[in-house]
Amino acid sequence: MSAAGEAASGAPRARQVAVIGAGQAEPGSEAWELAEAVGRGLAEAGVVLVCGGRGGVMEAACRGAVAAGGETIGILPGHDIAEANPFCTRVIATGIGHARNLAVVGSGEVVIAVGGEWGTLSEIGHARAIGRTVIALRSWALSGRERMEGAPGIEVAETPDEAVAAERHAVARLARAEPARLDATVDAAPVDQRHFQRKLRFPCRCRRRRVHLEPQLARLPADVVVQ
């Protein structure tokens, strides 16, 4: 579990994984069967499943997760929570249309794409733009040029078990990389203490304005002098 996975109380929270795919997938189709198996595997691993909350791959994944005793979060594009499929245990109605795609992938530590059409492709793009690893299960085959050659950050899986295992490995890599990234950030920015001996002046002498800013002042470094 990464540091980001610690709740404010210090207790670890469950991992969240976003599952994306075609909303038109029919029961019994390959995409439906794959998504249901992925949802079941994630729930058995103790993962909270996040999706777009509607039908097709989203419903199948939620169905599999709930059958295995898991929790599912549906993030809807509209305002009506009744739009959610019946296997969403939690529903968020955003009212932001297609922009909710970013909320879906951003709410997962890893994203699993099952099949998919144009909407799924946009979600894959959003996920990679914000640094999420994407596990592609019978989904888009992508490549590019120069830095994008080989579609970095996208891993291919052929079975639901492979997809769930790849998710677990991706989260483990993230947990290992996070402390190193934080250390590198600190080491790369040596601090000259002279720069912290600074003063803040209020252009307005109004007592009311200073009272209004007290919460912000409380968050300033201890060596800042306020006049």
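The values are calculated or read from the model by the stated rules, or taken from the named source; none is laboratory data. Keep in mind the model is a prediction, meaning the values are calculated, not measured. A quick note on method: Cβ atoms are made from the backbone with ideal geometry, for glycine too, and the neighbour counts reach across all protein chains shown.
Among the conditions (1) buried (at least 17 other Cβ atoms within 10 Å of the Cβ); (2) in contact with a helix residue (DSSP H, G or I) (Cβ under 7 Å, 6 or more places away or on another chain); (3) part of a helix (DSSP H, G or I), the only one that Ile124 does not satisfy is (2). Scanning region 120-143 for residues that are over 25 Å from Ala45 (Cβ atoms) and in contact with a Gly (Cβ under 7 Å, 6 or more places away or on another chain) yields one hit, Ser143. Checked against the criteria, Val156 does not count as of a type outside the set (Ser, Thr, Tyr), closer than 21 Å to Gln24 by Cα and touching a strand residue (DSSP E or B) at 6+ places or on another chain (Cβ under 6 Å). Out of region 137-171, which residues are assigned to a helix (DSSP H, G or I) and either among the β-branched types (Val, Ile, Thr) or not assigned by TED's automatic domain parsing to the domain that holds Ile20 (or both)? If the condition is that a residue be assigned to a helix (DSSP H, G or I) and either among the β-branched types (Val, Ile, Thr) or not assigned by TED's automatic domain parsing to the domain that holds Ile20 (or both), then Val164, Val171 are the ones that fit. In region 152-172, is there at least one residue being modelled with pLDDT of 80 or more, crowded, with 17+ Cβ neighbours inside 10 Å, under 30 Å from Glu36 (Cα atoms) and polar (S, T, N, Q)? No, the conditions are met nowhere in region 152-172. Being touching a residue at least 12 places away in the same chain (Cβ under 8 Å) and either of a type in the set (A, V, I, L, M, F, W, C) or more than 13 Å from Gly21 (Cα to Cα) (or both) is the filter here, so list the residues in region 109-125 that pass it. If the condition is that a residue be touching a residue at least 12 places away in the same chain (Cβ under 8 Å) and either of a type in the set (A, V, I, L, M, F, W, C) or more than 13 Å from Gly21 (Cα to Cα) (or both), then Glu109, Val110, Val111, Ile112, Ala113, Val114, Leu121, Ile124 are the ones that fit.
Residue-wise test of (1) without any contact (Cβ under 8 Å) to a residue 40 or more places away in the chain; (2) buried (at least 24 other Cβ atoms within 10 Å of the Cβ); (3) not assigned by TED's automatic domain parsing to the domain that holds Glu162.
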{"residue": "Ile96", "(1), (2), (3)": "yes, no, no"}
{"residue": "Ala103", "(1), (2), (3)": "yes, no, no"}
{"residue": "Ser107", "(1), (2), (3)": "no, no, no"}
{"residue": "Ile135", "(1), (2), (3)": "yes, yes, no"}
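Residues in region 89-116 that are closer than 20 Å to Pro160 by Cβ and either in a loop (DSSP other than H, G, I, E, B) or of a type outside the set (A, V, I, L, M, F, W, C) (or both): Gly108, Glu109, Gly115, Gly116.
Ser2 meets all of the listed conditions (1) closer than 23 Å to Gly131 by Cα; (2) among the polar types (S, T, N, Q); (3) in contact with a helix residue (DSSP H, G or I) (Cβ under 6 Å, 6 or more places away or on another chain); (4) at pLDDT 95 or above but one, namely (4).
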